1. Could you check the range 143-176 and list, in sequence order, the residues that are assigned to a helix (DSSP H, G or I), away from the ligand (no atom under 12 Å from the Cβ) and not polar (S, T, N, Q)?
2. Can you go through Leu18, Leu40, Leu63 and tell me which one is among the aliphatic types (A, V, I, L, M) and within 16 Å of the ligand (Cβ to nearest atom)?
3. What are the residue pairs meeting all of these: first residue in the range 54-65, first residue in contact (Cβ under 8 Å) with a residue 60 or more places away in the chain and surrounded by fewer than 16 Cβ atoms within 10 Å (Cβ to Cβ), second residue part of a helix (DSSP H, G or I) and of a type in the set (Phe, Trp, Tyr), Cβ atoms under 7 Å, and 6 or more apart or on different chains?
4. Tell me which of these Tyr74 doesn't satisfy, since it passes every other one: (1) over 30 Å from Met224 (Cβ atoms); (2) within 16 Å of the ligand (Cβ to nearest atom).
5. Whether any residue in the range 86-95 is over 21 Å from Leu157 (Cβ atoms), assigned to a helix (DSSP H, G or I) and not basic (Lys, Arg) is what I want to check.
6. Output the qualifying pairs, or none if there are none: Cβ atoms under 7 angstrom, residues six or more apart or on different chains, first residue in the range 73-86 and more than 12 Å from Glu16 (Cα to Cα) and free of Cβ contacts under 8 Å to residues at least 60 places away in the same chain, second residue within 13 Å of the ligand (Cβ to nearest atom) and assigned to a helix (DSSP H, G or I).
7. State which residue is farthest from the ligand (Cβ to nearest atom) when the search covers only the range 100-142 and only residues that are of a type in the set (Gly, Ala, Ser) and closer than 20 Å to Thr163 by Cα.
Amino acid sequence: MRAANETPLKHLIPPEFLEPNWRFWSFVFISILGSILIILYKVPVYDGLTDPFYTPTVLILPLVVLFRLTCYAYRKDYHRHLFKHPNSCATDVRLDTKSRGYSGETGFFRVENIHRYFMYTAWGILPFFYYDIYHSIVYTGAITVSLGTVILTINALAVTFYTFSCHSVRHLIGGYKDCVNCPVNRDKKNSIYRFQSRLNGHHEAIAWTSLIMFVFVDLFIRGMIAGIVPNILLIHMGL
Ligand code: FES
């Protein structure tokens, strides 16, 4: 229950945001700086390659950021490593041994539940990554496959696996039963659910691989523009 001297605003702002926590504030600073740099220093479509941060436009970046920020995998990481609690799944003890523990998805952090809706926006953005691959192949008027095309393809696959290994997707296709022994989860014919569950078991690793790939592709194209990285031509066939 809220104390009589607490203002509604104080109730809304989680104590995690009010602490002198250098880890958290460094993260906020780097994230804001990174976003400003991406917006200011736009990468043009170069040698047929589109930077994934601008697919299809930098304007959708907030949706992508919110999808990732509310992702269960990143949530675990930032609650544990930025807010320092919960220390592990079975305890809410803080890493720095202060008394206040983890309060879960309550108060402000209830907003993280909006993740299931960002999942649909992620589905809408996915086709553009594949269009970018297609564009990189045909933009010369011939069939052209370069190192950049291969890197774009790996990135598109990483984003696809990331999106479809999502916990909300698992919930949508059978996990809503919330019971591992329920028929839908034991059904041997429910191969999509079982396949997705296997994928979901690696969601955190896939999430980080996909994020690193995003940054890698961005740096690769910027490196090409700066003349540091060659875009090696692998296949070139006239139509
Ligand atoms: Fe990570 Fe949905 S839980 S993308």
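The values are calculated or read from the model by the stated rules, or taken from the named source; none is laboratory data. As the structure is a computational prediction, the values presented were derived from the model and not from experiment. With ideal geometry, Cβ positions are generated from the backbone for all residues, glycine too; neighbour counts draw on all protein chains shown.
1. Leu147, Gly148, Val150, Ile151, Leu152, Ile154, Ala156, Leu157, Ala158, Tyr176 - these are the residues of the range 143-176 that are assigned to a helix (DSSP H, G or I), away from the ligand (no atom under 12 Å from the Cβ) and not polar (S, T, N, Q).
2. On the way: Leu18 fails: within 16 Å of the ligand (Cβ to nearest atom); Leu40 fails: within 16 Å of the ligand (Cβ to nearest atom).
That would be Leu63, the only listed residue that is among the aliphatic types (A, V, I, L, M) and within 16 Å of the ligand (Cβ to nearest atom).
3. Partner pairs satisfying both residue conditions: Pro56/Phe128; Leu63/Phe118.
4. Every condition holds for Tyr74 apart from (1).
5. Taking the range 86-95 and keeping what is over 21 Å from Leu157 (Cβ atoms), we get 86-95.
Adding the requirement that they be assigned to a helix (DSSP H, G or I) leaves none.
Scanning the range 86-95, I find no residue that is over 21 Å from Leu157 (Cβ atoms), assigned to a helix (DSSP H, G or I) and not basic (Lys, Arg), so the answer is no.
6. Sorted first by the residue in the range 73-86, then by its partner, the pairs are Arg75/Glu112.
7. Initial filter on the range 100-142 (of a type in the set (Gly, Ala, Ser)): 101, 103-104, 107, 122, 124, 136, 141-142.
Keeping just the survivors that are closer than 20 Å to Thr163 by Cα gives 122, 124.
Numbers: Ala122: 7, Gly124: 14 Å.
Only one residue fits best here, namely Gly124.
Residues checked against (1) farther than 16 Å from Val215 by Cα; (2) loosely packed, with under 14 Cβ neighbours inside 10 Å; (3) at pLDDT 95 or above; (4) not small (Gly, Ala, Ser):
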residue: Ile39; (1), (2), (3), (4): no, yes, no, yes
residue: Phe83; (1), (2), (3), (4): yes, no, no, yes
residue: Asn87; (1), (2), (3), (4): yes, no, no, yes
residue: Val93; (1), (2), (3), (4): yes, no, no, yes
residue: Asp96; (1), (2), (3), (4): yes, yes, no, yes
